[in-house]
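A short reminder: the numbers here are calculations on the coordinates, not readings from a lab. These numbers come from a predicted model, not from an experiment. Don't worry about glycine lacking a Cβ; one is built from the backbone with ideal geometry, like all the others, and counts go over all protein chains shown.
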Amino acid sequence: MQQMIESLSHPALIEAMETNTEAFVSLWGRALGATFYHEAGASWFITGGQFLRLNMGIQACLTPDTPREKIDEMLSKIEAHNVPLSWPVGPSLQHPTIEDRVKARGWSIFPTAGMARDLQDLDEHIDLPTGVTLERIDATESLQLGVQTIAAGMPWPDAGRDYIMDVVRKHGFVAHPSVRYYLARLNGQPVATSILYLASGVAGLYCVATVPSARGRGIGRAISHLPLLDARDMGYRVAILQATEKGERIYSRLGFHEVCRIHFWQR
């Protein structure tokens, strides 16, 4: 049985944030039908698609004392696939000795805020802008709308959107006990999404995206608020997410606090 993280002061919070993300990325790879690799002390998946989110790093057993040649061996195996790849990296891999080697091999590193929120004082009331409705996705048609909305909001390139749409058309909506999908509509049109992933004793909020024409109205905040309420109703006490500098300001207003940095290694 998983250990529930009860507060932001819990000593296992950062580890839970890392393992929640690793598990979410693994689930994403399985949903895509990717090939998984477990070599050179690391795990990653590859679809072969020409988009960062279709090929991702998951986990690595590296320390500041890991010899440079071991780091090079791991990175070489990943680079051999010759596809774009993204790897969310928590504090355990952010030592300069490791990341300097990553950058030396031509990878880019993008820092984001690792944020968390205590759900016990979350307001029950969701402030819905005029014309906005929220729904929980539970069918193939609405999942397709969700993918299109994420692609427009992130934005994703056509290659990424089309690959994922093909997966949805092939398999349809598949319920998973740890995953909830959400869609916001403005005057009936889909404009924002979010995904809730429950694992490692925390509620992870992912894929929050609002289409450009609907931004600045509080819709992103609303589509983030609903999954947090659902997570609390299911017994979770802490929510986590990764935020860009712009997103950090939005999530701070929703009660999130930065507790660590999450780096994205990309090539």
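See the values below:
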quantity	calculated
Residues with amide H under 5 Å from that of GLY255, placed H, sequence gap 5 or more	none
Compactness of the chain as Cα Rg over 2.2 N^0.38 Å, two decimals	1.00
Long-range amide H partners of ILE137 with built H, under 5 Å	TYR181, TYR182, LEU183
For the stretch 182-199, 3J(HN,Hα) per residue [Karplus equation, 6.51 cos²θ - 1.76 cosθ + 1.60, θ = phi - 60°, Hz, x = Gly/Pro]	9, 9, 10, 10, 10, 6, x, 9, x, 9, 7, 9, 7, 10, 9, 10, 9, 6
Computed helical MRE - 222 nm, the chain, DSSP H runs ≥ 4 contributing -39500 (n - 2.57), nearest 500	-11000 deg cm²/dmol
Cα-centre dipole for the chain with unit charges at Cβ (Lys and Arg positive, Asp and Glu negative), debye to 20	580 debye
Neighbourhood charge, 13 Å Cβ-Cβ cut-off, centred on THR66 and excluding it, Lys, Arg +1 and Asp, Glu -1	-3
Cβ-based exposure ranking for MET234, MET4, MET17, MET74, in which fewest neighbours within 10 Å come first	MET234, MET4, MET74, MET17
Calculated from backbone phi, Karplus (6.51, -1.76, 1.60) coupling profile of the stretch 207-216 in Hz, x at Gly/Pro	6, 7, 8, 10, 5, x, 5, 10, 6, x
Within the stretch 28-94: Cβ-based charge dipole about Cα centre, in debye rounded to nearest 20 (Lys, Arg +1; Asp, Glu -1)	280 debye
Nearby lysines by direct alpha-carbon distance to LYS77 (threshold 18 angstrom, same-chain neighbours under 8 apart not counted)	LYS103
Highest-fluctuation residue, THR133, THR63, THR149 considered, GNM on the chain with Cα pairs under 10 Å	THR63
Calculated diffusion of the stretch 118-261, Stokes-Einstein form, Kirkwood radius summed over Cα pairs, 25 °C and 0.890 mPa s, µm²/s	158 µm²/s
Leading residue at positive end of dipole, the stretch 84-152 (Cβ point charges), from GLN94, THR140, PRO129	GLN94
Inter-centroid distance (Cα atoms) of the stretch 179-255 relative to the stretch 111-125, Å	10 Å
Listed residues ALA31, ALA209, TYR182: farthest to the positive end of the dipole of the chain (Cβ charges)	ALA209
Signed unit charges on C-beta, dipole axis of the chain, positive-most listed residue GLN242, PHE51, LEU75	PHE51
Long-range HN-HN contacts of CYS260 with modeled amide H, under 5 Å	GLY114
R0 of 25 Å, Cβ-Cβ distance ARG261-ARG105: FRET efficiency to nearest 0.05	0.75
